[in-house]
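Notes follow once the structure below has been shown.
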Amino acid sequence: MKVEILGAYGGSTDTSFLTSFLIDDFLAVDAGCLTQTLNLENQAKITDILISHTHLDHTLSLSFLVDNMFGLREEPIRIWSGEEMISGMRLHLFNDVTWPDFSVLPSADKPSLTFNTVGEGQTIRLRHLNVTPIWVNHVVPCFAFFVECTETGACLLYTADTTSTDRVWKVANERPRLDAVIVDCSFPNDMEDLARASGHMTPRLLAQDLSKLSHDCSILVYHIKPMFEQVMRVQLAELNLKNLMVGIQGRVFEL
Ligand SMILES: [Zn+2]
Ligand SMILES: [Zn+2]
């Protein structure tokens with residue numbers, strides 16, 4: 001399974017891109033920056049997109065991706081998420097006010113995108129990948145995703161945006177294999193109140209949560225707020241967790 005870090009930040013600057021990952025060229029995990037980081041040819045290879053939650057830093061580029069593909073693709077782009085998130089995207093994003101409703105364009109019979117509901121704990125098969133969403137603890141309904149390669153058994157957990165939580169770690173521990181976790185860490189330690197109130201981690205909260213995980217696997221931090229990056233890199237290094245690293249945009253890794 002090839003995992004590409006397109007956007008690793010929880011804020012937007014000229015060098016910090018909003019959350020997006022790409023698996024095996026066809027499956028996007030969140031859509032903060034798909035159109036800013038991929039050329040048209042590579043955008044057109046995306047057939048499926050997992051959306052963790054409705055926040056703009058995870059959905060923004062959906063609008064522009066589907067617009068770029070308008071008339072170029074035979075098949076609609078399939079968006080996968082929970083019922084609450086899909087109704088949120090329909091109501092607040094693709095609502096014919098903020099952006100056209102591409103689920104009925106160019107026609108209801110031949111739409112540019114489809115919304116596909118997946119339930120918590122339900123496993124869906126996307127080509128050679130099994131995807132299973134699990135609720136995490138954010139300020140709006142938010143899914144983590146386990147993505148497992150059926151050919152190699154490799155398994156990735158993307159926690160999406162979350163503050164301290166239990167269920168996703170419990171489910172992770174029940175799995176026989178976990179190779180890597182991509183995990184939220186947004187604010188420095190002295191902003192723990194804000195981190196909790198906004199449903200995010202600090203390095204200290206992250207360390208506490210990671211102690212619930214029994215797998216010895218790679219930990220990749222994402223969603224750092226750009227203005228706190230320097231101090232947070234120091235605080236993350238001070239955790240002395242040998243498998244932990246900060247996600248580097250453009251980096252590709254194999255699981
Ligand atoms: Zn969020
Ligand atoms: Zn976010």
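Nothing in this text is a laboratory measurement; each read-out follows from the coordinates by a stated rule. Here the structure is a predicted model, which means the values were calculated and not measured. Every residue, glycine among them, receives a Cβ derived from its backbone with ideal geometry; neighbour counts consider all protein chains shown.
Structure above, values below:
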| item | result |
| --- | --- |
| Cα centroid separation - the stretch 67-103 against the stretch 179-251, whole Å | 31 Å |
| Within the chain, helix-based [θ] at 222 nm, where runs of 4 or more DSSP H residues each add -39,500 (n - 2.57), nearest 500 | -6500 deg cm²/dmol |
| Per-residue Cβ neighbour rank within 10 angstrom, fewest leading, Glu151, Glu120 | Glu151, Glu120 |
| Separation of the Ser214 and Leu241 label points, Cα + 7 Å toward Cβ, nm | 1.8 nm |
| Of Lys170/Lys242; Lys212/Lys242; Lys45/Lys212; Lys2/Lys110, pairs whose Cα-Cα distance is over 27 Å | Lys45/Lys212; Lys2/Lys110 |
| Among Gly121, Gly199, Gly32, residue whose mean-square fluctuation peaks in a GNM of the chain (springs only between Cα atoms under 10 Å) | Gly121 |
| For Met201, net neighbour charge (Lys/Arg +1, Asp/Glu -1) across residues whose Cβ lies under 10 Å away | -2 |
| Cα-based helix-to-principal-axis angle, 83-92 vs the chain, degrees rounded to 10 | 60 degrees |
| Share antiparallel - DSSP beta bridges, the stretch 41-157, percent rounded to 5 | 65 percent |
| Degrees between helix 56-69 axis and first principal axis of the chain (Cα, 0 to 90, nearest 10) | 30 degrees |
| Net +/- balance of residues flanking Asp48 in space, Cβ distance below 10 Å, scoring K and R +1, D and E -1 | +2 |
| Rotationally averaged projected area of the chain (alpha carbon convex hull; nm²) | 12.8 nm² |
| Per-selection Rg to Rh, the stretch 104-207 - Cα, Kirkwood hydrodynamic radius | 1.08 |
| Cα-derived Rg over Rh, computed across the stretch 1-131 with Rh taken as Kirkwood radius | 0.93 |
| In sequence order, calculated HN-Hα J values of the stretch 30-35 (Karplus, 6.51, -1.76, 1.60; Hz; x Gly/Pro) | 6, 9, x, 9, 4, 7 |
| Contour minus Cα-Cα distance for Thr150 and Phe64 (0.36 nm per residue) | 27.8 nm |
| Local electrostatic count at Ser81 - Lys and Arg +1, Asp and Glu -1, tallied over other residues with Cβ under 13 Å | -3 |
| Gaussian network model of the chain, springs between alpha carbon atoms under 10 Å - residue of Leu62, Leu38, Leu236 with greatest fluctuation | Leu38 |
| Modelled FRET efficiency - R0 35 Å, Glu41 with Arg90, Cβ distances, 0.05 increments | 0.75 |
